[in-house]
Amino acid sequence: MDWKWTEAGVKASRDTTQRHVKEFGYSCRIPLVKPLLNHRQCQRCLTWAKEKKKWTVAQWSKILFSDESKFCNSFGNQGPRVWRKGGEAHSPSCLKSSVKFPQSVMIWGAISSAGVGPLCFFCKPKSPFTKKF
């Protein structure tokens, strides 16, 4: 066994350490990725949500939600892992900020009360080639 001395001078094997960490409710996870928003952006989102809190179904039926996302074409390296307890997935210390990647594809889509719109794939930013699915 690989024995290590802790700062307190106690011997503990890797298995013993992992068992005790799990007993405290922690597990090793890949951090969730979320957009990096500044304070002003967070406040604007909150204000928007509060303004729409009591909207009727008729009001919401006039809204079209759309979004675009950039996806990396490569796969594999998921980056560092974090130790966290259940329910801590959205804690700032357990998150990894997202960044733009080279070799990627931009995908746009929309949804409304009438249903889901087509997904549009943009392969080149300046001269978009769009394919609907």
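The values are calculated or read from the model by the stated rules, or taken from the named source; none is laboratory data. Values in this document were obtained by computation on a predicted structure and should not be read as measured data. Accessible surface areas use protein heavy atoms only, side chains included; no ligands, DNA or RNA. Shrake-Rupley method; radii C 1.70, N 1.55, O 1.52, S 1.80 Å.
Counting only protein heavy atoms and a probe of 1.4 Å, the accessible surface of segment 8-58 is 59% carbon and sulfur. Over 29 Å apart at the Cα level, from the set LYS34/LYS85; LYS11/LYS96; LYS22/LYS50; LYS34/LYS54, are LYS11/LYS96; LYS22/LYS50.
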